[in-house]
């Protein structure tokens, strides 16, 4: 096979594999437009596992930090939101409870399974998209961070205070620790019109 043909073949293979990778990423973060709200689903992403889960099963409440960003075609950030959730586990019931502690406070329903607790946090990250053109290409990104290995528990129970919105923004602006549980989910380009049509 000649040089140029070999290069073209490699580009085709890379493009195909890249498209597969993008499809898998898109399946991890699902977008849904309901009126002027952009809602998120991530049914394939499970973060109540490993060390964080072990800590919860040892009667420790564990905090997860979330950040979502909506970016336009010119790389301008159109919407951005951060939140912290404290998740605890009731050993005898084998159920979870979540408290959104920043911004504001909101309690989840009691007695959630692990999947329900994860989904509740992701849904709470919905964004107001009023004023964004329906035909504008958008990219959405969600970041989830669990506690660092050396990080001490900030809460003995979900009702405690002790963190601020400024502190949360500072934490999320730094790179995660090497051993810190960390997930990055993306989807796009997509338009609000497509999402409202169910595309």
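In region 64-89, what residues are at pLDDT 90 or above and out of contact with any strand residue (DSSP E or B) (no Cβ under 7 Å at 6 or more places or on another chain)?
At the first step, the residues of region 64-89 found to be at pLDDT 90 or above are 64-72, 76-89.
Scanning region 64-89 gives a single hit, 76.
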> Does any residue of region 15-31 turn out to be in a strand (DSSP E or B), closer than 30 Å to residue 191 by Cβ and at pLDDT below 95?
Replying inline: no
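For a quick check of your reading: which strands (runs of 3 or more DSSP E) sit entirely within region 36-129 and have at least 3 residues that are under 12 Å from residue 142 (Cβ atoms)? Show your work before the answer.
Numbers: elements: 37-41, 62-72, 77-90, 95-102.
Ranges flagged: 37-41, 62-72, 77-90.
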> Restricting to region 65-96, what's the tally of residues that are within 23 Å of residue 182 (Cα to Cα) and within 18 Å of the chain's Cα centre (by Cα)?
Replying inline: 17
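The values are calculated or read from the model by the stated rules, or taken from the named source; none is laboratory data. The structure presented is a predicted model; accordingly, all values stated were derived computationally and were not measured. Glycine also receives a Cβ, built like all others from the backbone with ideal geometry; neighbour counts cover every protein chain displayed.
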